[in-house]
1. For the chain, what does the relative contact order come out to in percent, with C-alpha contacts under 8 Å and a separation of six or more?
2. Counting heavy atoms of the protein chains only and a 1.4 Å probe, report the per residue accessible area for segment 44-120 as a whole number of Å².
3. Jot down the per residue volume, in cubic angstrom and as a whole number, of the convex hull over the alpha-carbon atoms of segment 148-304.
4. How big is the Cα convex hull of segment 212-309 in projection, averaged over all directions, in nm²?
5. Where both residues lie in segment 15-163, what percent of DSSP beta bridges are antiparallel, nearest 5?
6. Can you check what the Kirkwood hydrodynamic radius comes to for segment 18-106, Cα pairs only, in Å to one decimal?
7. Could you grab the Rg to Rh ratio for segment 79-132? Cα atoms only, Kirkwood for Rh.
8. My understanding is that a pair violates if its Cα-Cα distance is over 25 Å; which of LYS152/LYS290; LYS144/LYS217; LYS168/LYS231; LYS110/LYS152; LYS110/LYS217; LYS231/LYS290 do that in this structure?
Amino acid sequence: MNMEAQSDHPTALGKNAPIEIHLMQAQDIARWDSFVNSSPKASFFHRAGWQAVIEQAFGHKTWFYYAQQEGQIVGILPLAEIKSILFGHSLSSLPFCVYGGVVANTEDVKNALDQTAISLAERLQVGHLEYRHIQAQNPTWLSKELYVTFRKTIASDEEANMLAIPRKQRAMVRKGIKFGLCSELDEDINRFFYAYSSSVHRLGTPVFSKKFFRLLKETFAEDCEIMTIVKDDRTIASVMSFYFRDEVLPYYGGGTIEARDLAANDFMYWELMRRAGARGIKVFDFGRSKLGTGAFDFKKNWGFEPEPLHYEYRLQSSKAIPENNPLNPKYQLFIKLWQRMPISFANLIGPHIVKNLG
(Lines give C-alpha, C1' and ligand atoms only; values in the text may rest on other atoms or scores of the structure.)
Protein backbone atom coordinates (compact mmCIF):
# COMPACT_ATOMS: atom_id res chain seq x y z
CA MET A 1 0.00 0.00 0.00
CA ASN A 2 1.32 3.40 -0.95
CA MET A 3 1.96 5.28 2.29
CA GLU A 4 3.42 8.51 0.93
CA ALA A 5 1.91 11.69 2.41
CA GLN A 6 1.02 14.64 0.23
CA SER A 7 0.88 17.47 2.70
CA ASP A 8 0.70 18.11 6.42
CA HIS A 9 -0.78 21.56 5.88
CA PRO A 10 -4.40 22.24 4.87
CA THR A 11 -4.94 24.40 1.81
CA ALA A 12 -7.70 27.00 2.25
CA LEU A 13 -9.85 27.62 -0.83
CA GLY A 14 -12.46 30.40 -0.88
CA LYS A 15 -14.79 30.78 2.07
CA ASN A 16 -15.18 27.07 2.69
CA ALA A 17 -13.45 25.09 5.37
CA PRO A 18 -9.82 24.29 4.54
CA ILE A 19 -9.33 21.51 2.02
CA GLU A 20 -6.68 18.96 2.95
CA ILE A 21 -5.21 16.57 0.38
CA HIS A 22 -3.92 13.22 1.64
CA LEU A 23 -2.92 9.86 0.25
CA MET A 24 -5.11 6.94 1.25
CA GLN A 25 -3.57 4.69 3.88
CA ALA A 26 -4.81 1.41 5.31
CA GLN A 27 -6.90 3.09 8.00
CA ASP A 28 -8.64 5.23 5.35
CA ILE A 29 -9.97 2.38 3.19
CA ALA A 30 -13.35 2.06 4.91
CA ARG A 31 -13.92 5.84 4.77
CA TRP A 32 -12.85 5.95 1.14
CA ASP A 33 -15.28 3.21 0.11
CA SER A 34 -18.07 4.77 2.17
CA PHE A 35 -17.62 7.98 0.17
CA VAL A 36 -17.59 6.04 -3.11
CA ASN A 37 -20.77 4.14 -2.22
CA SER A 38 -22.61 7.34 -1.31
CA SER A 39 -21.50 9.50 -4.24
CA PRO A 40 -23.71 9.33 -7.38
CA LYS A 41 -20.69 10.36 -9.51
CA ALA A 42 -18.52 7.45 -8.36
CA SER A 43 -18.18 4.07 -10.05
CA PHE A 44 -17.03 0.58 -9.13
CA PHE A 45 -13.60 1.58 -10.47
CA HIS A 46 -13.22 4.21 -7.76
CA ARG A 47 -13.23 1.58 -5.02
CA ALA A 48 -10.15 1.42 -2.82
CA GLY A 49 -9.44 -2.20 -3.72
CA TRP A 50 -8.12 -1.21 -7.12
CA GLN A 51 -4.95 0.09 -5.48
CA ALA A 52 -3.94 -3.35 -4.21
CA VAL A 53 -5.00 -5.02 -7.48
CA ILE A 54 -2.97 -2.67 -9.70
CA GLU A 55 0.10 -2.69 -7.47
CA GLN A 56 0.17 -6.45 -6.86
CA ALA A 57 -0.91 -7.66 -10.31
CA PHE A 58 1.16 -5.27 -12.42
CA GLY A 59 3.75 -3.70 -10.14
CA HIS A 60 2.68 -0.15 -11.02
CA LYS A 61 2.96 2.65 -8.48
CA THR A 62 -0.30 4.27 -7.38
CA TRP A 63 -1.43 7.44 -5.67
CA PHE A 64 -4.95 7.31 -4.22
CA TYR A 65 -5.63 10.91 -3.17
CA TYR A 66 -8.54 12.07 -1.09
CA ALA A 67 -9.68 15.58 -0.16
CA GLN A 68 -10.90 16.22 3.36
CA GLN A 69 -12.79 19.05 5.01
CA GLU A 70 -13.45 19.15 8.74
CA GLY A 71 -12.52 15.49 9.01
CA GLN A 72 -14.85 14.32 6.24
CA ILE A 73 -13.81 12.98 2.83
CA VAL A 74 -15.27 15.30 0.18
CA GLY A 75 -13.43 14.10 -2.93
CA ILE A 76 -11.19 11.37 -4.30
CA LEU A 77 -8.81 10.81 -7.22
CA PRO A 78 -7.13 7.41 -7.74
CA LEU A 79 -4.05 7.53 -9.99
CA ALA A 80 -1.56 4.99 -11.32
CA GLU A 81 1.69 5.39 -13.25
CA ILE A 82 2.69 3.24 -16.21
CA LYS A 83 6.25 3.58 -17.46
CA SER A 84 6.91 1.57 -20.61
CA ILE A 85 9.57 1.74 -23.31
CA LEU A 86 7.07 0.47 -25.89
CA PHE A 87 3.90 2.30 -24.86
CA GLY A 88 5.05 5.46 -23.12
CA HIS A 89 4.97 7.05 -19.69
CA SER A 90 1.57 7.99 -18.29
CA LEU A 91 -0.34 8.88 -15.16
CA SER A 92 -3.97 7.76 -15.40
CA SER A 93 -7.20 7.47 -13.46
CA LEU A 94 -7.31 4.58 -13.84
CA PRO A 95 -5.49 2.16 -16.15
CA PHE A 96 -7.28 -1.18 -16.66
CA CYS A 97 -10.56 0.55 -15.75
CA VAL A 98 -13.23 2.01 -18.03
CA TYR A 99 -14.28 4.80 -15.67
CA GLY A 100 -12.27 6.96 -13.29
CA GLY A 101 -11.17 10.52 -12.69
CA VAL A 102 -12.13 12.98 -9.97
CA VAL A 103 -15.18 12.53 -7.78
CA ALA A 104 -15.77 15.69 -5.75
CA ASN A 105 -18.57 17.32 -3.80
CA THR A 106 -17.70 20.84 -4.94
CA GLU A 107 -15.84 22.60 -7.72
CA ASP A 108 -13.22 23.83 -5.25
CA VAL A 109 -12.50 20.25 -4.19
CA LYS A 110 -12.28 19.14 -7.82
CA ASN A 111 -9.82 21.95 -8.57
CA ALA A 112 -7.67 21.01 -5.58
CA LEU A 113 -7.47 17.38 -6.68
CA ASP A 114 -6.81 18.39 -10.29
CA GLN A 115 -3.91 20.56 -9.22
CA THR A 116 -2.52 17.76 -7.07
CA ALA A 117 -2.58 15.42 -10.08
CA ILE A 118 -1.00 18.01 -12.38
CA SER A 119 1.79 18.65 -9.87
CA LEU A 120 2.44 14.92 -9.58
CA ALA A 121 2.48 14.51 -13.37
CA GLU A 122 5.04 17.31 -13.63
CA ARG A 123 7.17 15.82 -10.88
CA LEU A 124 7.11 12.36 -12.49
CA GLN A 125 7.77 13.89 -15.93
CA VAL A 126 5.12 11.72 -17.58
CA GLY A 127 4.09 12.03 -21.19
CA HIS A 128 0.48 12.72 -20.30
CA LEU A 129 -2.12 12.77 -17.54
CA GLU A 130 -5.38 10.96 -18.34
CA TYR A 131 -8.82 10.95 -16.71
CA ARG A 132 -11.49 8.45 -17.75
CA HIS A 133 -14.68 10.35 -17.05
CA ILE A 134 -18.22 9.41 -18.00
CA GLN A 135 -19.15 13.10 -18.28
CA ALA A 136 -16.80 15.75 -19.63
CA GLN A 137 -15.17 17.76 -16.85
CA ASN A 138 -12.14 19.52 -18.30
CA PRO A 139 -13.02 21.39 -21.52
CA THR A 140 -9.49 22.77 -21.89
CA TRP A 141 -7.92 19.29 -21.96
CA LEU A 142 -7.58 17.22 -25.11
CA SER A 143 -9.96 14.34 -25.78
CA LYS A 144 -10.64 11.72 -28.42
CA GLU A 145 -13.80 10.08 -29.70
CA LEU A 146 -12.89 6.42 -29.46
CA TYR A 147 -14.88 4.76 -26.70
CA VAL A 148 -18.56 4.59 -25.86
CA THR A 149 -20.39 2.88 -23.04
CA PHE A 150 -23.69 1.00 -23.11
CA ARG A 151 -26.03 1.24 -20.12
CA LYS A 152 -29.68 0.29 -19.84
CA THR A 153 -32.32 -0.07 -17.14
CA ILE A 154 -33.52 -3.63 -16.58
CA ALA A 155 -36.65 -4.92 -14.86
CA SER A 156 -37.16 -7.49 -12.13
CA ASP A 157 -39.54 -9.33 -14.46
CA GLU A 158 -37.78 -11.91 -16.65
CA GLU A 159 -40.28 -11.78 -19.51
CA ALA A 160 -40.16 -7.96 -19.61
CA ASN A 161 -36.39 -8.10 -20.00
CA MET A 162 -36.65 -10.71 -22.74
CA LEU A 163 -39.22 -8.70 -24.69
CA ALA A 164 -37.06 -5.57 -24.40
CA ILE A 165 -34.36 -7.27 -26.50
CA PRO A 166 -34.79 -6.60 -30.25
CA ARG A 167 -36.30 -9.49 -32.19
CA LYS A 168 -33.18 -10.73 -34.02
CA GLN A 169 -31.07 -10.70 -30.89
CA ARG A 170 -33.87 -12.32 -28.92
CA ALA A 171 -33.84 -15.16 -31.45
CA MET A 172 -30.13 -15.70 -30.76
CA VAL A 173 -30.80 -15.90 -27.03
CA ARG A 174 -33.55 -18.44 -27.59
CA LYS A 175 -31.19 -20.41 -29.84
CA GLY A 176 -28.75 -20.75 -26.95
CA ILE A 177 -31.58 -21.83 -24.65
CA LYS A 178 -32.67 -24.52 -27.13
CA PHE A 179 -29.13 -25.92 -27.23
CA GLY A 180 -29.51 -26.76 -23.55
CA LEU A 181 -26.83 -24.39 -22.25
CA CYS A 182 -26.66 -23.91 -18.49
CA SER A 183 -25.06 -21.30 -16.24
CA GLU A 184 -23.05 -22.00 -13.11
CA LEU A 185 -21.39 -19.64 -10.64
CA ASP A 186 -17.71 -20.28 -9.87
CA GLU A 187 -15.66 -19.37 -6.83
CA ASP A 188 -12.33 -19.87 -8.62
CA ILE A 189 -11.09 -18.49 -11.95
CA ASN A 190 -10.01 -21.69 -13.71
CA ARG A 191 -12.92 -22.25 -16.09
CA PHE A 192 -13.25 -18.52 -16.67
CA PHE A 193 -9.58 -18.18 -17.59
CA TYR A 194 -9.78 -21.09 -20.02
CA ALA A 195 -12.70 -19.48 -21.91
CA TYR A 196 -11.32 -15.94 -21.69
CA SER A 197 -7.78 -16.78 -22.82
CA SER A 198 -9.11 -18.86 -25.72
CA SER A 199 -11.19 -15.93 -26.90
CA VAL A 200 -8.58 -13.19 -26.69
CA HIS A 201 -6.02 -15.41 -28.40
CA ARG A 202 -8.33 -15.73 -31.41
CA LEU A 203 -8.66 -11.94 -31.41
CA GLY A 204 -4.89 -11.52 -31.38
CA THR A 205 -4.86 -9.73 -28.03
CA PRO A 206 -2.37 -10.35 -25.17
CA VAL A 207 -3.94 -12.05 -22.18
CA PHE A 208 -4.00 -10.78 -18.60
CA SER A 209 -2.37 -12.99 -15.99
CA LYS A 210 -4.25 -15.47 -13.83
CA LYS A 211 -2.91 -13.55 -10.85
CA PHE A 212 -4.81 -10.44 -11.96
CA PHE A 213 -8.14 -12.25 -12.10
CA ARG A 214 -7.45 -14.06 -8.84
CA LEU A 215 -6.78 -10.71 -7.14
CA LEU A 216 -9.98 -9.23 -8.54
CA LYS A 217 -12.01 -12.10 -7.15
CA GLU A 218 -10.24 -12.07 -3.78
CA THR A 219 -10.37 -8.29 -3.41
CA PHE A 220 -13.98 -7.66 -4.40
CA ALA A 221 -15.37 -11.02 -3.20
CA GLU A 222 -19.15 -11.23 -3.66
CA ASP A 223 -19.11 -8.05 -5.78
CA CYS A 224 -17.00 -9.90 -8.36
CA GLU A 225 -19.00 -12.76 -9.83
CA ILE A 226 -17.85 -15.46 -12.24
CA MET A 227 -20.56 -17.14 -14.30
CA THR A 228 -19.64 -20.02 -16.60
CA ILE A 229 -21.77 -21.42 -19.42
CA VAL A 230 -21.57 -25.20 -19.81
CA LYS A 231 -22.96 -27.90 -22.07
CA ASP A 232 -22.55 -31.58 -21.22
CA ASP A 233 -19.99 -30.59 -18.55
CA ARG A 234 -17.87 -28.71 -21.13
CA THR A 235 -16.90 -25.08 -20.54
CA ILE A 236 -18.29 -23.06 -23.45
CA ALA A 237 -18.08 -19.45 -22.23
CA SER A 238 -17.53 -17.48 -19.04
CA VAL A 239 -17.84 -13.90 -17.79
CA MET A 240 -16.48 -11.98 -14.80
CA SER A 241 -18.92 -9.27 -13.69
CA PHE A 242 -18.76 -6.48 -11.14
CA TYR A 243 -21.70 -5.45 -8.95
CA PHE A 244 -21.90 -1.90 -7.62
CA ARG A 245 -24.94 -0.53 -5.80
CA ASP A 246 -27.86 -1.35 -8.16
CA GLU A 247 -25.69 -2.02 -11.24
CA VAL A 248 -24.04 -5.03 -12.84
CA LEU A 249 -21.15 -4.71 -15.29
CA PRO A 250 -19.91 -7.76 -17.25
CA TYR A 251 -16.26 -6.79 -17.52
CA TYR A 252 -14.15 -9.68 -18.81
CA GLY A 253 -15.56 -12.54 -20.82
CA GLY A 254 -14.91 -15.00 -23.58
CA GLY A 255 -15.83 -18.25 -25.17
CA THR A 256 -14.28 -21.34 -26.69
CA ILE A 257 -14.36 -22.18 -30.38
CA GLU A 258 -17.78 -23.82 -29.81
CA ALA A 259 -19.36 -20.66 -28.43
CA ARG A 260 -20.38 -19.09 -31.74
CA ASP A 261 -22.21 -22.15 -33.10
CA LEU A 262 -24.05 -22.61 -29.80
CA ALA A 263 -24.94 -18.88 -29.42
CA ALA A 264 -23.23 -19.16 -26.05
CA ASN A 265 -22.24 -15.50 -25.71
CA ASP A 266 -25.81 -14.43 -26.46
CA PHE A 267 -27.13 -16.87 -23.88
CA MET A 268 -24.45 -15.84 -21.37
CA TYR A 269 -25.33 -12.14 -21.34
CA TRP A 270 -29.04 -12.94 -21.22
CA GLU A 271 -28.46 -15.28 -18.31
CA LEU A 272 -26.51 -12.57 -16.48
CA MET A 273 -29.29 -10.08 -17.15
CA ARG A 274 -31.92 -12.56 -15.99
CA ARG A 275 -30.05 -13.37 -12.78
CA ALA A 276 -29.30 -9.70 -12.06
CA GLY A 277 -32.92 -8.62 -12.57
CA ALA A 278 -34.11 -11.38 -10.25
CA ARG A 279 -31.87 -10.08 -7.45
CA GLY A 280 -33.13 -6.52 -7.84
CA ILE A 281 -30.37 -4.99 -9.96
CA LYS A 282 -31.68 -1.97 -11.89
CA VAL A 283 -28.94 -1.15 -14.41
CA PHE A 284 -27.12 -3.42 -16.84
CA ASP A 285 -23.83 -1.77 -17.84
CA PHE A 286 -22.49 -3.49 -20.95
CA GLY A 287 -19.21 -1.58 -20.57
CA ARG A 288 -17.13 0.28 -23.09
CA SER A 289 -16.46 -0.57 -26.71
CA LYS A 290 -14.50 1.10 -29.45
CA LEU A 291 -16.43 2.74 -32.26
CA GLY A 292 -16.52 0.64 -35.42
CA THR A 293 -15.83 -2.72 -33.77
CA GLY A 294 -17.73 -5.99 -33.58
CA ALA A 295 -18.24 -5.52 -29.84
CA PHE A 296 -19.91 -2.16 -30.54
CA ASP A 297 -22.30 -3.75 -33.04
CA PHE A 298 -23.05 -6.69 -30.72
CA LYS A 299 -24.13 -4.41 -27.88
CA LYS A 300 -26.25 -2.21 -30.15
CA ASN A 301 -28.05 -5.36 -31.30
CA TRP A 302 -29.30 -5.78 -27.73
CA GLY A 303 -31.12 -2.46 -27.92
CA PHE A 304 -28.54 -0.49 -25.95
CA GLU A 305 -27.77 3.04 -27.11
CA PRO A 306 -24.10 4.11 -27.07
CA GLU A 307 -23.09 6.97 -24.79
CA PRO A 308 -19.74 8.67 -25.52
CA LEU A 309 -17.04 8.35 -22.88
CA HIS A 310 -14.95 11.42 -22.17
CA TYR A 311 -11.32 10.38 -21.85
CA GLU A 312 -9.45 13.62 -21.18
CA TYR A 313 -5.72 14.19 -21.61
CA ARG A 314 -3.37 16.85 -20.34
CA LEU A 315 -0.12 16.55 -22.27
CA GLN A 316 3.11 16.94 -20.36
CA SER A 317 6.16 15.88 -22.43
CA SER A 318 4.12 14.13 -25.15
CA LYS A 319 3.21 15.92 -28.36
CA ALA A 320 0.01 14.00 -29.08
CA ILE A 321 -2.66 11.80 -27.49
CA PRO A 322 -1.48 8.17 -27.29
CA GLU A 323 -2.97 5.60 -29.68
CA ASN A 324 -2.28 2.35 -27.83
CA ASN A 325 -5.25 0.36 -29.08
CA PRO A 326 -5.81 -2.50 -31.56
CA LEU A 327 -7.41 -0.16 -34.13
CA ASN A 328 -4.07 1.54 -34.64
CA PRO A 329 -2.82 0.27 -38.06
CA LYS A 330 0.73 -0.20 -36.77
CA TYR A 331 -0.47 -3.05 -34.52
CA GLN A 332 -2.18 -5.10 -37.27
CA LEU A 333 0.89 -7.21 -38.05
CA PHE A 334 1.40 -7.86 -34.34
CA ILE A 335 -2.22 -9.03 -34.02
CA LYS A 336 -1.87 -11.46 -36.93
CA LEU A 337 1.35 -12.90 -35.50
CA TRP A 338 -0.23 -13.25 -32.06
CA GLN A 339 -3.16 -15.20 -33.47
CA ARG A 340 -0.74 -17.75 -34.97
CA MET A 341 1.24 -18.15 -31.76
CA PRO A 342 0.62 -21.32 -29.69
CA ILE A 343 -1.82 -20.37 -26.95
CA SER A 344 0.42 -21.78 -24.21
CA PHE A 345 3.21 -19.43 -25.26
CA ALA A 346 0.82 -16.52 -25.72
CA ASN A 347 -0.51 -17.02 -22.18
CA LEU A 348 3.06 -17.07 -20.87
CA ILE A 349 4.30 -13.82 -22.41
CA GLY A 350 1.02 -11.95 -22.81
CA PRO A 351 0.82 -10.64 -19.22
CA HIS A 352 4.25 -8.99 -19.59
CA ILE A 353 2.94 -6.98 -22.54
CA VAL A 354 -0.60 -6.15 -21.51
CA LYS A 355 0.43 -4.79 -18.10
CA ASN A 356 1.97 -1.80 -19.89
CA LEU A 357 -1.08 -1.00 -22.01
CA GLY A 358 -3.45 0.10 -19.26
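1. Working: 667 pairs, mean separation 72.7, N = 358.
For the chain, the relative contact order is 20 percent.
2. Working: 2230 Å² over 77 residues.
Computed with neighbouring chains in place, this is 29 Å² per residue.
3. Values: hull volume 16.9 nm³, N = 157.
Cα convex hull per residue, to the nearest whole number: 108 Å³.
4. 7.4 nm²
5. On the way: 19 of 23 bridges.
So the antiparallel bridges in segment 15-163 amount to around 85 percent.
6. On the way: mean 1/r = 0.0747 Å⁻¹.
Here the Kirkwood hydrodynamic radius works out to 13.4 Å.
7. Working: Rg = 11.7 Å, Rh = 11.6 Å.
In segment 79-132, Rg relative to Rh is 1.00.
8. Numbers: LYS152/LYS290 18 Å; LYS144/LYS217 32 Å; LYS168/LYS231 23 Å; LYS110/LYS152 28 Å; LYS110/LYS217 31 Å; LYS231/LYS290 31 Å.
Cα-Cα > 25 Å for LYS144/LYS217; LYS110/LYS152; LYS110/LYS217; LYS231/LYS290; rest within.
The values are calculated or read from the model by the stated rules, or taken from the named source; none is laboratory data. On a predicted model such as this, the values are computed, not experimentally measured, just so you know. Neighbour counts run over all protein chains shown; Cβ positions are idealised from the backbone, glycine included. Keep in mind that these areas ignore ligands, DNA and RNA; they rest on the heavy atoms of the full protein, side chains included. Shrake-Rupley method; radii C 1.70, N 1.55, O 1.52, S 1.80 Å.
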